[in-house]
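Right, one structure below, let's go through it.
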Amino acid sequence: MGVREIQAEEITRTIRRLCIEANTILGDDVVDALKKGLEKEKSTVGKDIFRQLLENAKIAKEEGIPLCQDTGMVVVFIEMGQDIHIVGGDLNQSINEGVRQGYRDGYLRASSLDPLVRKNFGDNTPAIIHVEIVPGDQLKLTVIPKGFGGENMSRVALLTPASGMEGIKEFVLRTVEEAGANPCPPGIVGVGIGGTLEKAAILAKKSLLRPIGQRHPDPGLARLEEEFLEEINRLGVGPQGLGGTITALDLHIETYPTHIASLPVAVNLQCNCHRHKEAEL
Amino acid sequence: MIRAIMLSTPLSDQDVEKLRMGDRVLFDGVVYTARDAAHRRLVDLIKEGKELPFDLSGQVIYYVGPSPARPGHVIGSAGPTSSYRMDPSSPYLIAKGLKGMVGKGPRSQGVVDAMMKYKCVYFATVGGAGALLAKAIKKSEVIAYEDLGPEAIRRLEVEDFPAIVAQDVYGGNLYVEGVKRYAR
């Protein structure tokens with residue numbers, strides 16, 4: 001198989017478009033989940049919140065206004081075929097240039113800054129870029145503008161192997177309960193189990209990308225997802241943490257082998273404004 | 001749909017005393033924006049006994065860092081940010097006459113004590129509904145700390161701006177009571 005060339009400029013153009021679309025157009029699966037939530041929610045305040053979120057998605061799409069003012073820090077997952085050769089520029093720079101253009105042209109809020117100096121860079125770069133090299137000659141780009149209401153409430157625990165399933169469940173439920181209103185429920189709960197400290201966190205984030213309602217292909221994990229979701233929705237946290245029967249729209253689990261001495265678990269909380277857009281080049 | 005109480009700013013003690021957790025309100029009038037960095041500056045001024053960029057008495061502060069306005073628009077997306085980050089600062093502002101705070105998520109005991117002592121209400125708006133909330137904002141003007149970008153202090157004029165009383169001046173807290181009601 002030959003090498004396929006992809007222009008860096010094409011990556012920039014695509015990232016620019018994905019940043020704007022992700023921030024203004026809520027995915028169909030999220031809209032459907034919000035509609036179902038409106039029907040199922042028992043709290044009157046909660047129902048009113050679901051109505052506002054659905055109306056918000058409509059206004060954002062029609063008028064090109066960001067769904068949420070926190071247009072996030074841009075996380076980019078890249079699946080890059082090993083037979084691809086990027087020409088005409090640097091991969092990271094071409095992505096950051098796409099973010100810069102997307103946030104400028106889409107009137108999206110710039111939030112990135114130096115962690116200690118804390119002066120806003122003004123262009124929302126750099127993106128957090130995760131590259132995975134895979135077989136083939138395709139390039140898949142996924143943009144998640146990640147709001148920090150949910151990010152700030154996300155947690156990682158390096159549990160002991162003896163903690164087992166009960167320990168995992170206790171940690172997931174405690175994280176959601178303690179987060180309460182702050183991650184803007186009802187959202188998606190991403191759970192990464194296994195690997196190392198950073199692997200668990202990346203698994204949790206990546207699990208958010210699975211469409212709402214789609215269960216893990218492993219039947220055991222699929223059952224676990226249903227069980228955790230049901231228990232989370234029994235906490236009573238509800239829409240915006242003001243009490244209700246729907247705290248999470250869905251929960252996804254991803255796993256990876258780990259070390260005999262550990263049981264890493266990461267919980268990445270995603271807000272109701274679950275933004276992500278993909279493109280394949 | 002829950003019937004909404006109309007609230008015109010600035011607010012009086014009587015205005016806030018009639019509100020109870022769970023009430024749905026619609027704001028009319030002026031609301032100021034401030035978040036993390038602006039709060040730190042305001043508190044520094046109060047500690048130094050200096051004049052503030054606006055008189056806090058009877059006012060309402062909305063915790064928001066809006067996205068940039070498109071041409072022809074008053075403001076960009078303008079939903080609430082998490083309020084807990086303002087907890088260390090809020091009691092100073094409440095003691096200076098602040099009557100309402102608008103954000104999302106529960107407040108600390110220190111803020112609750114100040115709210116009960118000086119009569120100040122905490123309202124929740126819907127996080128993730130920034131495009132919808134922006135519709136209720138009719139005018140926006142930066143009045144201080146322009147260097148802070150999205151964190152600058154803005155004077156907003158709002159009409160029928162929707163919020164929910166999350167924590168009232170009697171210690172009522174929907175984040176606690178609402179959750180208790182639905183926990184199974």
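Quick grid of which residues meet (1) at pLDDT below 95; (2) surrounded by 15 or more Cβ atoms within 10 Å (Cβ to Cβ); (3) in contact with an Asp or Glu (Cβ under 6 Å, 6 or more places away or on another chain):
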position: A:M1; (1), (2), (3): yes, no, yes
position: A:I15; (1), (2), (3): no, yes, no
position: A:I20; (1), (2), (3): no, yes, no
position: A:E41; (1), (2), (3): no, yes, no
position: A:Q52; (1), (2), (3): no, yes, no
position: A:K58; (1), (2), (3): no, no, no
position: A:V87; (1), (2), (3): no, no, yes
position: A:L91; (1), (2), (3): no, yes, no
position: A:G98; (1), (2), (3): no, yes, no
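Can you tell which of A:G98, A:G89 is outside any strand (DSSP E or B), farther than 26 Å from A:H274 by Cβ and more than 14 Å from every other protein chain (Cβ to nearest Cβ)?
Working: A:G98 fails: farther than 26 Å from A:H274 by Cβ.
That would be A:G89, the only listed residue that is outside any strand (DSSP E or B), farther than 26 Å from A:H274 by Cβ and more than 14 Å from every other protein chain (Cβ to nearest Cβ).
Mind listing whichever residues of the stretch B:88-106 are open to solvent by 20 Å² or more (accessible area, probe 1.4 Å) and out of contact with any Leu (no Cβ under 7 Å at 6 or more places or on another chain)?
Within the stretch B:88-106, B:P88, B:P91, B:Y92, B:A95, B:P106 qualify.
Just give me the residues in the stretch B:13-40 being within 24 Å of A:G241 (Cα to Cα), open to solvent by 30 Å² or more (accessible area, probe 1.4 Å) and more than 14 Å from chain A (Cβ to nearest Cβ), in sequence order.
Once the filter is applied, which keeps residues that are within 24 Å of A:G241 (Cα to Cα), open to solvent by 30 Å² or more (accessible area, probe 1.4 Å) and more than 14 Å from chain A (Cβ to nearest Cβ), the stretch B:13-40 yields B:E17, B:K18.
How many of the residues in the stretch A:57-98 are touching a residue at least 24 places away in the same chain (Cβ under 8 Å) and within 24 Å of B:A134 (Cα to Cα)? Spell out the reasoning first.
Just the residues of the stretch A:57-98 that are touching a residue at least 24 places away in the same chain (Cβ under 8 Å), to begin with: A:57, A:60-61, A:64-98.
Retained after the next criterion (residues that are within 24 Å of B:A134 (Cα to Cα)): A:57, A:60-61, A:64-74.
Of the residues in the stretch A:57-98, 14 are touching a residue at least 24 places away in the same chain (Cβ under 8 Å) and within 24 Å of B:A134 (Cα to Cα).
Can you tell me how many residues within the stretch A:230-251 are open to solvent by 30 Å² or more (accessible area, probe 1.4 Å) and in a helix (DSSP H, G or I)?
2
Please return the ranges of helices (runs of 4 or more DSSP H) entirely within the stretch B:85-184 where 1 or more residues are within 14 Å of another protein chain (Cβ to nearest Cβ) and within 17 Å of the chain's Cα centre (by Cα).
Working: elements: B:90-95, B:109-118, B:130-134, B:174-182.
In the stretch B:85-184, the matching helices (runs of 4 or more DSSP H) lie at B:130-134, B:174-182.
Residue by residue, here is whether (1) open to solvent by 30 Å² or more (accessible area, probe 1.4 Å); (2) not in a helix (DSSP H, G or I) holds:
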{"residue": "A:I133", "(1), (2)": "yes, yes"}
{"residue": "A:V156", "(1), (2)": "yes, yes"}
{"residue": "A:I168", "(1), (2)": "no, no"}
{"residue": "A:R174", "(1), (2)": "yes, no"}
{"residue": "A:V189", "(1), (2)": "no, yes"}
{"residue": "A:G192", "(1), (2)": "no, yes"}
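Got at least one residue in the stretch A:114-124 being under 21 Å from the mean Cα position of the chain (by Cα), open to solvent by 80 Å² or more (accessible area, probe 1.4 Å) and without any contact (Cβ under 8 Å) to a residue 40 or more places away in the chain?
no
I need the full set of residues from the stretch A:53-77 which are farther than 20 Å from A:T12 by Cβ and of a type in the set (A, V, I, L, M, F, W, C), in order please. Write out each step before concluding.
Within the stretch A:53-77, the first condition is being farther than 20 Å from A:T12 by Cβ, and the residues that meet it are A:53-70.
A:L53, A:L54, A:A57, A:I59, A:A60, A:I65, A:L67, A:C68, listed by residue number.
Would a scan of the stretch A:269-278 turn up a residue that is buried (at least 23 other Cβ atoms within 10 Å of the Cβ) and of a type in the set (D, E, K, R)? Break it down stepwise before answering.
As a first pass, look at the stretch A:269-278 and keep what is buried (at least 23 other Cβ atoms within 10 Å of the Cβ): A:269-275.
Add one more test, that the residue is of a type in the set (D, E, K, R), and what stays is A:275.
Within the stretch A:269-278, one or more residues are buried (at least 23 other Cβ atoms within 10 Å of the Cβ) and of a type in the set (D, E, K, R).
The values are calculated or read from the model by the stated rules, or taken from the named source; none is laboratory data. Predicted model, so just to flag it, every value in this text is computed and none were measured. As a convention, Cβ positions derive from the backbone with ideal geometry for all residues, glycine included, and neighbour counts pool all protein chains shown. Each accessible area value is taken on the protein alone, full model and side chains, heavy atoms only, with ligands, DNA and RNA left out. Shrake-Rupley method; radii C 1.70, N 1.55, O 1.52, S 1.80 Å.
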